[in-house]
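These notes are about the structure you will find just below.
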Amino acid sequence: MLEDLGCLYTVTTQRNWIASRDNCLSYGAHLFVPQTSEQYFALKDHYTSKGLLNWKWVGLTARKWLDGRLAEDVWNGGEPNGPADTSQCGLMQPEWSMDDKYCVESYEYICQVDL
């Protein structure tokens with residue numbers, strides 16, 4: 001399943017969501033956007049199995065993936081619980097699942113280049 005994700009790069013420098021997105025774009029990449037919830041969970045489980053538990057921005061804002069699809073079946077219980085607008089961005093939490101956090105907060109992030 002991981003081989004279907006293209007080339008991924010985890011950036012450990014913490015940035016807000018917009019700066020994270022812009023940094024990925026500067027390298028010809030984008031924030032991680034899975035094609036299926038199974039792909040999302042495969043990567044999340046990979047991070048968990050390697051002990052890489054820091055929270056990471058992914059390509060999700062206003063409850064939608066950057067490709068326009070509604071994010072479903074990836075949320076922690078009780079999530080998303082913030083406003084359904086662009087002030088909220090998707091944060092992968094490897095030990096749980098997905099949370100919506102204010103985009104101005106700073107976290108690590110995952111860049112993806114489609115192959």
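Projected label points at Gln14 and Asn54, each 7 Å from Cα along the beta carbon direction, are separated by 0.9 nanometres. Taking all protein chains together and a 1.4 Å probe, the residues Trp96, Trp57 rank Trp96, Trp57 from largest to smallest accessible area. With both bridge residues required to lie in region 32-115, what share of the DSSP beta bridges run antiparallel, to the nearest 5%? Around 80 percent antiparallel, to the nearest 5.
Mark the label point 7 Å from the Cα of Asn76 along Cα→Cβ and return the residues of region 92-114 whose backbone N is within less than 19 Å of it. Output list for this probe position: 92-110. When GluC sites (Glu not before Pro) are flagged only if DSSP places them in a loop and at most 16 other Cβ atoms lie within 10 Å, the longest unflagged stretch of the chain comes out as 1-71. To the nearest 10, the accessible area of Lys50 is 130 Å² with a 1.4 Å probe. Using the Kirkwood radius built from alpha carbon pairs, what does the Stokes-Einstein equation give as D for the chain at 25 °C and 0.890 mPa s, in µm² per second? Estimated via Stokes-Einstein, D reaches 179 µm²/s. Normalised by the number of residues in the chain, the mean separation of alpha-carbon contacts (under 8 Å, six or more apart) gives a relative contact order of 42 percent.
The values are calculated or read from the model by the stated rules, or taken from the named source; none is laboratory data. No experiment lies behind these values; they were computed from the predicted model shown. FYI the Cβ positions are ideal-geometry reconstructions off the backbone, even for glycines, and counts take in every protein chain you see. The area values use the complete protein model at the heavy-atom level, side chains included, leaving out ligands, DNA and RNA. Shrake-Rupley method; radii C 1.70, N 1.55, O 1.52, S 1.80 Å.
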